[in-house]
There are 2 protein chains.
Amino acid sequence: MTQTLTIREMCDIYQVTPRTLRFYEAKELLSPTREGSKRLYSKQDRARLQLILRGKRFGFSLEDIRQLLDMYDHNGSNQAQLNRTYLLAQDRIAQMKQQAAELTLAIQELETEMRGVEVTLAAFRNAAE
Amino acid sequence: MTQTLTIREMCDIYQVTPRTLRFYEAKELLSPTREGSKRLYSKQDRARLQLILRGKRFGFSLEDIRQLLDMYDHNGSNQAQLNRTYLLAQDRIAQMKQQAAELTLAIQELETEMRGVEVTLAAFRNAAE
DNA sequence: ATAGAGCTTGACGTTAAGGTAAACTTAACG
DNA sequence: CGTTAAGTTTACCTTAACGTCAAGCTCTAT
């Protein structure tokens, strides 16, 4: 029961266009199997796509993401290759931790700003009696 | 002692190129004063630039960022304008909180992956005696 | 059998975010 | 006084990440 999905189903689920999926495939971020000429997306393909979309939300480029993905399935990789990926991932993790800290701070600052704006808006409403 | 900086000083401090600063100005994200034709960046300009660069790290577009910046100095804005900005910022904050949660999760997952890779690498080294 | 829906490839267009190069001003220096 | 250094504008170039459109295949329903 290896549930595979068509391109349309993928698009509906993940809110992307067919063009996007084909583009990611061209960039070697995805590699769906074929049934004739039609693409079929496996469970792993779906997992990868989720990682891709998540990476994008964090501001990573597709190339950045491709390298991270390589680490998740370091199957055919040799030692040297794997080691390079490992070091690269260490950097990324540090970067992400830094980003998480900054993000938390930014949220706090914005919320403080929001309270200031609330006061201003309340004053506006008061002035209108 | 209103310490203002030249474009070069700004570039050195924030690791951007003059082109980038001029570009942000064209996009109305910055508005340095002039001394003759030369740009001079005030303390507020510096604060704004920091917010811009931070926003970029989170994957926001310059246009997204411009709207957020508007909230930080909602000086000449009228009620309707301010209210729209406020609602928009609420969305952004929700989005950022979501992003923070996801980021934390992603970090954990990556670190788990890393441990797996460490084992693989250790095995490689063992095989080499 | 033909008409349409859904898939394919291929090619060209578009937008954001700058890079790069040319021509010009202006201040400063020997 | 000439020239170099740092700034300016204008204009075109580039890259990433897709959008859009054309032309063709294949299956299913009418």
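Does chain A classify as rounded, prolate or oblate by the C-alpha gyration tensor (a ≥ b ≥ c root eigenvalues; a/c under 1.5 gives rounded; else a/b over b/c gives prolate, otherwise oblate)? Oblate.
Each Lys and Arg Cβ is given +1 and each Asp and Glu Cβ -1; about its Cα centre, the stretch B:11-105 then shows a dipole of about 260 debye.
Per-residue mean of foreign Cβ neighbours for B:43-56 is 1 (Cβ atoms of other chains, 10 Å radius). For the options B:L30, B:L105, B:L62, a Gaussian network treatment of chain B with springs between C-alpha atoms closer than 10 Å singles out B:L105 as fluctuating the most. Counting only Cβ charges, +1 for Lys and Arg and -1 for Asp and Glu, the dipole size of the protein assembly as shown around its Cα centre is about 620 debye.
Put the Cα centre of the stretch A:1-62 next to the Cα centre of the stretch B:29-81 and the gap is 37 Å.
Counting Cβ atoms of other protein chains within 10 Å of each Cβ in B:94-100 and taking the mean gives 4.
Which order do A:R66, B:R19 fall in if you start with the one that has the fewest other Cβ atoms within 10 Å?
B:R19, A:R66
Between copies, the label points at A:F23 (set 7 angstrom from Cα along Cα-to-Cβ) are spaced 1.9 nm, reported in nanometres from shortest to longest.
Ignoring everything except DSSP H segments at least 4 long, calculate the 222 nm mean residue ellipticity for chain A; use -39,500 (n - 2.57) per segment, divide by total residues, nearest 500. Don't skip to the answer; put the middle values down first.
Working: 5 runs with 92 residues, N = 129.
Value at 222 nm, helices only, nearest 500: -24000 deg cm²/dmol.
Farthest toward the positive end of the dipole of the stretch A:74-129, out of A:V119, A:T85, A:A101, is the Cα of A:T85, where the dipole comes from beta carbon charges about the Cα centre. Think of each Lys and Arg Cβ as +1 and each Asp and Glu Cβ as -1; about the Cα centre, that makes the dipole of the stretch A:1-54 roughly 80 debye.
Taking B:Y24, B:Y14, B:Y41 in turn, the Gaussian network model of chain B (Cα-Cα springs below 10 Å) assigns the largest fluctuation to B:Y14.
Given B:G55, B:S31, B:Q15, which one lies farthest toward the positive end of the charge dipole of the stretch B:1-58, if we put +1 on the Cβ of every Lys and Arg and -1 on the Cβ of every Asp and Glu? Highest projection toward the positive end goes to B:G55.
Tell me the net charge near B:G59. Cut-off is 14 Å between Cβ atoms, B:G59 excluded, with +1 for each Lys or Arg and -1 for each Asp or Glu. Before the final figure, lay out the partial values.
Working: positive: A:R54, A:K56, A:R57, B:R54, B:K56, B:R57, B:R92; negative: A:D64, A:E102, B:E63, B:D64, B:E102.
That works out to +2.
None of the figures in this text is laboratory data; all of them are computed from the coordinates on show. The model shown is predicted, which means the values in this text are computed figures rather than measured ones. A quick note on method: Cβ atoms are made from the backbone with ideal geometry, for glycine too, and the neighbour counts reach across all protein chains shown.
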